[in-house]
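First comes the structure, then the notes that go with it.
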Amino acid sequence: MFPPVPDRALLELARTEGGPGTLALLVRDQHTRRLLLLRAVLDAAEGADRSVCTPGQKARLREDWALLAAADRAGAPAPRDPRTGSPAPPPAPARDRLFHPLTGPWARSCLRALDGGGRRPARDLAHFSALAAVAAARAGLSFTTRLTARDGVLTLPSLGALHTAASGDAPVDVTYDGDRMTLRQPDAPDVTVHLESGVGAWSGALAWTPAHALPGLLPASPPLPLDDLDPYRDLPDGPRYGTASRPVTLDEAERKRWHQAWSGAAAALRSGGAHRLAETAALLRCLVPLGVPPDIGAGRGSCSATRREAFGALLSSTPPDPVTFAATVVHELQHAKLAALSDLLTLHQADPEPRYFAPWRPDPRPYDGLLQGTYSHLAMAAFYQRRALLTRRPDREWAWAQHARYHAQVGAALPALVGSPDLTPRGRRFVDEMAATYERLAEHPAPRGHTARAQAYVRAARALWRRRHAPALPRPNE
């Protein structure tokens, strides 16, 4: 069912690159997995005990799936004519909703609840009703349905959110007549909503907050959702996300700063290599704003994250400038690419014991974490090297400093990756090609001062790490 990974694609990805065919392979596979995950939700609901999922909830889930299927049929695009060579049409509205990155966290949450994870799936299933209603409206189907607001907010993904008159979980009757949507609730005026193309819907009612999007990255690209409304956009608890802050709802000033950074992101990405712009256009499907951590301040930094179950989403604090934004995109998309590749094949069989030194982290890392970090840092070293070779002062000096730092960090981490006996044969090819890419970067070294400072930083980080962690580790790790 899942496609094989050609050697050409494996080596492209090992170089932190990826041509159109390789990126399309990752996207198709992730979409297939999403459909299987959604089928698992349906099957789990049908098989759940009535104490977990009531007969009424099961019946409503079947109704929502039927509405979603009708929207899929009604909104299916015409097939591409292979003789014209025209690009593939966008997915139907129903699949567009199902493939949206944040539908993945919803499905995982739903499965956990249906599996008896300590809570009932009522809220998760209610959100699916909203997904089905949005898909039907986007496909132009008329319908009437009852939805349930969560904590006084009814979120309609890609359209916006209604703040209900009643607090808590409140019913909202929704009617769509093929032209406009009417939201009706007890003891409150009706709210009329007009759908916009792609993302968003406008209304004169103060209770309505429209969804927002940034302009398409390329002239032919669709708008990119800037999602500060979806209830499933939050990061899970746990150490994986470090000091990343929580998702926030943007005000007008913050939204303007996002637009300003995004307006220069395409040029900044292109300056780091045309493939960086191409992979962003192919993979990035959603931006989720995070709060700015207090330790970042007003400099060039930001915090960011990706979620494996939300392929295509990037979570980031407000970018301070287009170059930092572009670098964040490059960094996080490498995590998404490597995670998607790891779904297709096994690169290593290392255990999860945290024992490896990574100069960008104060704590020991497991092998997989070291591989993920080294991979993204290798891409950053290449990105900043290209910028350094193209730009002028002072941007050139900043780029060289960044390149030297990332290059030195990769050099410190690669020996543990390459020397691992836990690599599979294809994992060995992948890591060896990463090492070859690192060596090719040395053909255009940073100025001596930047290199010396970067190497001194890595030596100091290694010495501090050894004092803190090496005595407690089960075996040598470098």
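Over the chain, Cα pairs under 8 Å with separation of 6+ residues give a relative contact order of 12 percent. Using alpha carbon centroids, what distance separates the stretch 192-241 and the stretch 13-46, in Å? Cα centroid of the stretch 192-241 versus Cα centroid of the stretch 13-46: 22 Å apart.
Along the stretch 218-228 the Karplus relation, 6.51 cos²θ - 1.76 cosθ + 1.60 evaluated at θ = phi - 60°, assigns HN-Hα couplings of 10, x, 8, 7, x, x, 9, x, 10, 8, 10 Hz to successive residues, with x for each Gly and Pro. Label separation (residue 349 vs residue 259): 5.5 nm, computed from points 7 Å beyond Cα along the C-beta direction.
Could you rank 175, 324 by how accessible they are, 1.4 Å probe, largest area first? Mind dumping the intermediate values first?
Working: 175 45, 324 15 Å².
Ranking 175, 324 by accessible area, largest first, yields 175, 324.
Compared with the alpha-carbon gap, the fully stretched path from residue 24 to residue 115 is longer by 29.5 nm at 0.36 nm per residue. Between residue 389 and residue 73, the simple spin-label model (points 7 angstrom out along Cα→Cβ) gives 5.5 nm. In order along the stretch 258-268, the phi-based Karplus estimate (6.51 cos²θ - 1.76 cosθ + 1.60, θ = phi - 60°) of 3J(HN,Hα) comes to 4, 4, 5, 5, 5, 4, x, 5, 4, 5, 5 Hz; Gly and Pro are listed as x. Listed options for semi-axes √(5λ) of the Cα gyration tensor in Å are [x] 37, 27, 19; [y] 55, 30, 23; [z] 41, 25, 23. The value calculated from this structure is the one marked [z]. May I ask you to list the trypsin sites (Lys or Arg not before Pro) in the stretch 360-452 that are in a DSSP loop and have at most 10 other Cβ atoms within 10 Å of their Cβ? The qualifying sites are 392. For the pair residue 151 and residue 166, label points projected 7 Å from Cα toward Cβ lie 1.9 nm apart.
Note down the magnitude of the dipole of the stretch 305-418 about its Cα centre, charges +1 on Lys and Arg C-beta and -1 on Asp and Glu C-beta and zero elsewhere, to the nearest 20 debye. If you can, show how the numbers build up before the last one.
Values: 12 positive and 10 negative charges, 94 e Å.
Charge dipole, the stretch 305-418, about its Cα centre: 440 debye, nearest 20.
Exposure check, 1.4 Å probe, all protein chains in place: residue 27 carries approximately 30 Å² of accessible surface.
Computed from Cα positions, the angle between helix 395-418 and the longest principal axis of the chain comes to roughly 80 degrees. Residues in the stretch 161-166 carry Karplus couplings, in order, of 9, 9, 8, 7, 5, 8 Hz; the curve used is 6.51 cos²θ - 1.76 cosθ + 1.60 with θ = phi - 60°, and Gly or Pro positions show x.
Relative to the longest principal Cα axis of the chain, at what angle does helix 322-344 sit, 0 to 90 degrees, rounded to 10? Taking the Cα atoms of the chain, the angle to 322-344 is about 80 degrees.
For 249, 451, the ranking by accessible surface with the largest value first comes to 249, 451, using a 1.4 Å probe.
Kindly state, to the nearest 0.05, the FRET efficiency for residue 456 paired with residue 250, given R0 = 45 Å and r defined as their beta-carbon distance. Let's see the in-between values first.
Details: r = 40 Å, r/R0 = 0.89.
Working from the Cβ atoms, E equals 0.65.
Mean residue ellipticity at 222 nm, helices only, the chain: -16000 deg cm²/dmol; runs of at least 4 DSSP H residues each add -39,500 (n - 2.57), and the sum is divided by the number of residues.
Provide the gained length on full extension for the span residue 321 to residue 428, in nm with one decimal, where the gain is 0.36 nm per separating residue minus the Cα-Cα distance.
Details: separation 107, 0.36 × 107 = 38.52 nm, distance 3.78 nm.
34.7 nm is the gain from fully extending residue 321 to residue 428.
Rounded to the nearest 5, what % of the DSSP beta bridges within the chain are antiparallel ones? Walk me through the numbers on the way to the answer.
On the way: 31 of 37 bridges.
Percentage antiparallel, nearest 5: 85.
The values are calculated or read from the model by the stated rules, or taken from the named source; none is laboratory data. Every value quoted in this text rests on a predicted model; they were computed, and no experiment measured them. Using ideal geometry, Cβ is built from the backbone for each residue, glycine included, and neighbour counts are taken over all protein chains shown. Only protein heavy atoms, including side chains, enter the accessible area calculation; ligands, DNA and RNA are left aside. Shrake-Rupley method; radii C 1.70, N 1.55, O 1.52, S 1.80 Å.
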